[in-house]
Structure formats: C-alpha cells, structure tokens
C-alpha cells in the first residue's frame, strides 16, 4: 500500500514536471510560481550588487536566497526521483534511467541552480563567482519557452552552415589581424604590439563596432581596414539571413505538423471542447501564436460537415451530448 502511494505521488509529480504532457491548471500554476521565484531571485542578485542597498537590507536578500535555494534543491531532487515516469520511457530504469536524466541539459541547468549553495557549504567565498552562478538560474526559464525550442531546432538543423560561417569569420579574423600587425607594428609599436593584440582591432572591424581605440594610420593599413569592414558586413548579413530563413522554415514545418494532427483528429469525428483546447495547447507547445492556432482550429473544423460554429464569432461549438435512447413508455 505504501509503495503504491509513492508511485501515485511520483506520477502526480510528473503531471507538473513533464513538459511534453498536456498542461493542467496545477502544472501551469507550478510553472508560473517557479518562473516568478526565478525572476525575484535574479532581481535580488542584481540589486544586491549595489552596496548601499545591500548594507541596509541584508536580511531580505539572505531570505530570498535561502528560500530560492531550498525550492530549487527540492525541485531538482524530486525531478530526478520522478524521471522514471517521464513521457516516452527514456528514463524508465530505476538507476540508469535516473543517471541518464541527470546528464540531460535541463537536469544540468537545475543542478546549476543549486550549485552556489553547494560551493558556499564547501567554503567558496568569491562573491563574484557565486553571484554569476546565481544569475545563471535564468536558464531555468528556457525550459518552458517555445521560442528557445524553436531556436534550438534552428541551430540543430543549420549546424553545418553555421559552422561554415564561423570558420569564415575565424579565418578572416586571423588573416586580417596578421596583416595589420605586419603593416602597423612599425608605425604603432605600442598599439599593434602583437597578433593577439591586433585581433581586438579585427573583432571591432568585422563586427562593424569600431570603438576607435585601435586605428590603422598607414595607407596600406587603411585599405586593409576598409576591406575587412566590407567583409564583416557581408558575413553578418549572411549569418543573419541564414538564421532568419531557417527560423521561418521551422515555423512552416511546425504549422504543417499542427495541421496534420488537426486533420487526423477531425477524421475521427467532431471535436469536443476539451479536445479543441488540447489541440490549441499543442500548437502553443510547437511555438505557434495562440491566435493562429485558434483560427486554424476554427477554420478547419468549420469546413468539416456536421460541425456547428457560432454565427457571431465563428468559434466551434462543442457537439451535443449523446443521450441514451428512451425505451417505450
């Protein structure tokens, strides 16, 4: 009996933790509360760096950090414990499944959130390092962000193209820095003192920032500087265009996936109100705008025979409940 209660509690936890499962009111409330805690904690870390404010209210910052660390530590332990019941069964083994889950990206992010407390217990006293680690808790917000899932998909699909662009940037960086060192070292020995020092100028020029702290003064150096600037503009345009096109392709693929799922559901008959909400939530997880998913559901269901829509707003009306036929008399 006790074991069955543990299993039931673990499965209930997965309704909160599993991002691939349908979202309930409890899971949405949990995610919102966790996001609010992260924002409050990160804001406290930023404000705490202002020394006069920290001196006046040290207890407030201590309590915020203590509560946040306790919640993040409990969340991490419970996520690892409940990972065996995650959707898909990838982590089903009671030992190796949990160890595999602990090596996943978001599990490492959750561990990073409690790392400052662990280092503090071990005697680390470098406040700058601990503050930086606490700020990295913002990465926990990416777990529920559909925009980040889209970006990860873009980076996965265009990994080779992005690597090619980065190789061109690195090659241009090294070559331009070496040329400027050769041309400008004699005229400005303290500014272009080495190739690594000239690389800072190359980074400024390739990114078209141009702080002006390192400027070529020779005629040949100025010509090379102009060429590198033009190459930098073209490289940045190539990179941004690559990301934009891939982003739009991912959106198109996700729209097609949403449409196929909707058509498959409609083939089984009219949708209930709960099924419509479930499909709209699926569109939200794919990263589609809520209005777009809702309009697609309305348009496709309205085109289906036997599906009633509201004459005023066009929304799909739930099919009437079937009643058992009454016997004679």
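The values are calculated or read from the model by the stated rules, or taken from the named source; none is laboratory data. Note that the coordinates shown come from a computational prediction; the quantities given were computed from them, not determined experimentally. Using ideal geometry, Cβ is built from the backbone for each residue, glycine included, and neighbour counts are taken over all protein chains shown.
Considering only helices (runs of 4 or more DSSP H) fully contained in segment 91-143, which possess at least 3 residues that are modelled with pLDDT under 85 and surrounded by fewer than 14 Cβ atoms within 10 Å (Cβ to Cβ)?
Answer list for segment 91-143: 105-121, 127-135.
Quick check on my filter: what residues within segment 152-189 are farther than 16 Å from residue 235 by Cα and without any contact (Cβ under 8 Å) to a residue 24 or more places away in the chain?
152, 155, 156, 159, 178, 181, 182, 185, 186, 189
Contact list please: Cβ distance under 7 Å, first residue in segment 68-79 and surrounded by fewer than 16 Cβ atoms within 10 Å (Cβ to Cβ), second residue modelled with pLDDT under 90 and not in a helix (DSSP H, G or I), pairs at least six apart or on different chains.
none
Within segment 47-64, does at least one residue satisfy the condition of being outside any helix (DSSP H, G or I), in contact with a helix residue (DSSP H, G or I) (Cβ under 7 Å, 6 or more places away or on another chain) and in contact (Cβ under 8 Å) with a residue 12 or more places away in the chain?
There is at least one residue in segment 47-64 that is outside any helix (DSSP H, G or I), in contact with a helix residue (DSSP H, G or I) (Cβ under 7 Å, 6 or more places away or on another chain) and in contact (Cβ under 8 Å) with a residue 12 or more places away in the chain.
Select from segment 238-256 the residues that are loosely packed, with under 13 Cβ neighbours inside 10 Å and over 20 Å from the mean Cα position of the chain (by Cα) and list them in ascending order.
Correct list: 241, 256.
Identify, by number, the condition in (1) loosely packed, with under 15 Cβ neighbours inside 10 Å; (2) modelled with pLDDT under 90 that residue 190 doesn't meet.
Result: residue 190 fails condition (2) only.
Pick from 283, 287: which is surrounded by 14 or more Cβ atoms within 10 Å (Cβ to Cβ), touching a helix residue (DSSP H, G or I) at 6+ places or on another chain (Cβ under 9 Å) and modelled with pLDDT of 70 or more?
283
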